[in-house]
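> So that we are looking at the same thing, I have put the structure below in structure tokens.
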Amino acid sequence: VVNRHGSRLPRHRGRLASFYAHADFQGRFDITVHFVDEDIDSGPIIHHHKFPVDRTAPYANILAEVFEASADVVDEAFTKLEAPGLEPKPNDGSKGTLNGFPSLAKARDYRQQLAEQRCGASPPPPL
């Protein structure tokens, strides 16, 4: 069994990985395809795909880009799986975080950060 994950593992394991990846912007966005094991997003990595995104874009736009790219990324991973000699990469959970649903404080921080990135725009109204 394999999983398509909305960030570069082992960073941002768990729920809403694409939200945390967007909030912790690294200049790119990643999708990881990995084997499923007994823990959360900890199975060996089959394939990483990275692509640039507009840091000021709303999360919904980023999520749409991730979903649009996902089919091709999973296809690339299956091509690797079909080829002889695949050696999946380790997925060291100690080098990442295990996230749950973002708290209200995290959502506010995220909105403030995006507002600041948008050319000094005023912060959004409180939630």
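The values are calculated or read from the model by the stated rules, or taken from the named source; none is laboratory data. Please read these numbers as outputs of a predicted model, since none were measured by experiment. Cβ coordinates were reconstructed from backbone atoms using ideal geometry, including for glycine residues, and neighbour counts include every protein chain displayed. Heads up: the accessible areas ignore ligands, DNA and RNA and are worked out on the full protein's heavy atoms, side chains in. Shrake-Rupley method; radii C 1.70, N 1.55, O 1.52, S 1.80 Å.
> Ignoring ligands and nucleic acids, what accessible area does THR79 show with a 1.4 Å probe (Å², nearest 10)?
80
> Let me ask another. HN-Hα J couplings of segment 99-110 from phi, Karplus 6.51/-1.76/1.60, θ = phi - 60°, integer Hz, Gly and Pro as x?
9, x, 5, x, 6, 4, 5, 5, 5, 5, 4, 4
> Solvent-accessible area per residue for the chain at a 1.4 Å probe radius, Å²? Walk me through the numbers before you get to the answer.
Details: 7440 Å² over 127 residues.
Using a 1.4 Å probe on heavy atoms only, each residue of the chain averages 59 Å².
> Step through the residues of segment 41-58 one at a time and calculate ³J(HN,Hα) from phi using the Karplus curve (6.51 cos²θ - 1.76 cosθ + 1.60, θ = phi - 60°), rounding each to whole Hz and writing x for Gly and Pro.
6, 10, x, x, 8, 8, 7, 10, 9, 10, 8, x, 9, 7, 4, 8, 5, x
> Could you derive backbone 3J(HN,Hα) for segment 66-74 from the dihedral phi with the Karplus parameters 6.51, -1.76 and 1.60 (θ = phi - 60°), listing whole Hz in sequence and x where the residue is Gly or Pro?
Going residue by residue, I get 4, 5, 5, 7, 4, 4, 5, 5, 5 Hz, with x marking Gly and Pro.
> Taking the Cα atoms of segment 52-118, report the difference between the largest and smallest coordinate on each principal axis, in whole Å and largest first.
Principal extents (Cα only, largest first): 48, 29, 18 Å.
> Relative to 2.2 N^0.38 Å, what does the C-alpha radius of gyration of the chain come to as a ratio? Two decimals please.
For the chain, the normalised Cα radius of gyration comes out at 1.14.
> Which Cα, out of LEU16, PRO52, ALA64, lies furthest along the positive dipole direction of segment 1-70 (beta carbon charges, K/R +1, D/E -1)?
The listed residue farthest towards the positive side: PRO52.
> What residues have an amide H closer than 5 Å to that of SER7, excluding those fewer than 5 places away on the same chain, when H is modeled at 1.01 Å from N in the peptide plane?
THR32
> Related question: What is the total of Lys pairs in the chain with C-alpha atoms under 22 Å apart, excluding same-chain pairs fewer than 8 positions apart?
5
> Can you tell me the mean projection area, over all orientations, of the convex hull of segment 1-61's alpha carbons? Units nm², please.
If you wrap the Cα atoms of segment 1-61 in a convex hull and average its projections, you get 4.0 nm².
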